[in-house]
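The structure appears right after this line, and notes come after that.
Derivation of every value follows stated rules applied to the coordinates shown; laboratory data play no part. Worth saying up front: this structure is predicted, and the values here are computed from it rather than measured. With ideal geometry, Cβ positions are generated from the backbone for all residues, glycine too; neighbour counts draw on all protein chains shown.
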């Protein structure tokens, strides 16, 4: 798989995981909102039921206290509580269970700030099931029945306010109907309905809240799993990138350093089918091509293009090496300078093409008859130079004589078929310079040509025995 595909796959997986986490978090947020709504619904339902019970308790307390004390403030507050429940008077903003416990009954009632809302309207606003609402309405009906009985008690108290013989009897009757079995039975049934309502609300809302909490917990585990998977993918990608990208790139950097230092032989250790592996393959191929081209350039710079023999440049290098060996290691070395006889006449008569073929054929002759460690090359034009190694001066002369005899039977590609050459032999002596040795060889060659050509002449020079 290519690096591009791996990167696309990595980002696709990461984006998919991130989108999944975002969607799950959004879903969890909605679940949290549902949980909040469920808990609020539960609280509102409890509050309405508790409010109904509280107002009934306060009404009972006010009317009973009024029948006992005949204090008109209790009747007044009773009327206010009943009117607030019916929506005839504003409902206080902080209307809770303790509201009437904090009121001073010795002072006149101060109408609070608020909105007049009847209890049945509040029942419609809360989010409850129809069965639950029906139970709550039954509880309100019982509360209304209690209010009717309490209204009868107020009527008896009004009659008791008339000073006659029945005043005490009417007050006692008012007190009695607020404590008799019928009043207590209706009140108990109202409480039973409220308890049933509490149970229904608690069962439904508790199950709903628990379901949402369990769903939240499952979402949390899934999100944790996705985050763990995302971190694991990031770790694997980091390890993979180091192994497949960083390390190969570091290897390529080392290769460039080797290439800069002139080391073109590079072993490709980067395997695979990705872009870096292809780059490494191309890099090693390029290095090998450069190496081959440099070899070719080096060969072209040191090889005579016509004959394929070492050219004068390489011969001068080899001559320097041979001179150092002779000077420091007492190695016996010599020079054999060769010039083809009448070569200019061949070029003039038969043309340069024939002359070139003769030079190539003579180069073949030298290659076949001169073994290593001796070096042979084209010195220039029709002149060739042989550098003899581990041969004494006399042995170099003998080698030149041998080559001259063999050349006499060596055929060449033109109508005369044979070519002769003049040979000048000199010693590469450590007490002389290279220039002096070449001058001696050139002098010997000149004598050979002057003395009739096709012969070997030697110039011994100043050599050590």
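Here are some notes:
- Report summary: the helix-based calculation at 222 nm, which adds -39500 (n - 2.57) for every DSSP H run with n ≥ 4 and divides by the residues of the chain, gives -23500 deg cm²/dmol.
- Cα shape, segment 217-375, gyration tensor, a/c 1.5 rule: prolate
- With Cα atoms, 0 to 90° folded angle of helix 393-407 axis to the chain main axis: 90 degrees
- Debye intensity ratio in log₁₀ form over the Cα atoms of the chain, taken at each q of 0.07, 0.10, 0.11, 0.13 Å⁻¹: -0.70, -0.89, -0.97, -1.14
- Förster-model FRET efficiency, 51 Å R0, residue 29 and residue 83, C-beta, rounded to 0.05: 0.70
- The slack in the chain from residue 8 to residue 213, taken as 0.36 nm per residue of separation less the alpha-carbon distance, amounts to 70.0 nm.
- Shape of segment 308-459, Cα gyration tensor, a/c cut at 1.5: prolate
- Helix 275-302 axis versus longest C-alpha principal axis of the chain: approximately 20°, rounded to the nearest ten.
- Put the Cα centre of segment 121-190 next to the Cα centre of segment 372-441 and the gap is 148 Å.
- Length available on full extension from residue 184 to residue 37: 0.36 nm per residue minus the Cα-Cα distance, which gives 49.2 nm.
- Take 9-18, 41-50 and order them by the average number of nearby Cβ atoms within 10 Å per residue, most first; the result is 41-50, 9-18.
- Using a Förster distance of 56 Å, the FRET efficiency for residue 159-residue 129 (Cβ separation, nearest 0.05): 0.80
- Burial ordering of 291, 263, fewest other beta-carbon atoms within 10 Å first: 263, 291
- Helix 167-177 axis, angle to the chain major axis (alpha carbon atoms, nearest 10°): 40 degrees
- Kirkwood radius and radius of gyration were both taken over the C-alpha atoms of segment 87-228, and their ratio Rg/Rh is 1.19.
- Label-zone membership for segment 425-441, site residue 401, 7 angstrom Cα→C-beta point, backbone N under 14 Å: 425
- Rounded FRET efficiency, nearest 0.05, which uses the C-beta distance separating residue 228 from residue 151 and R0 of 56 Å: 0.20
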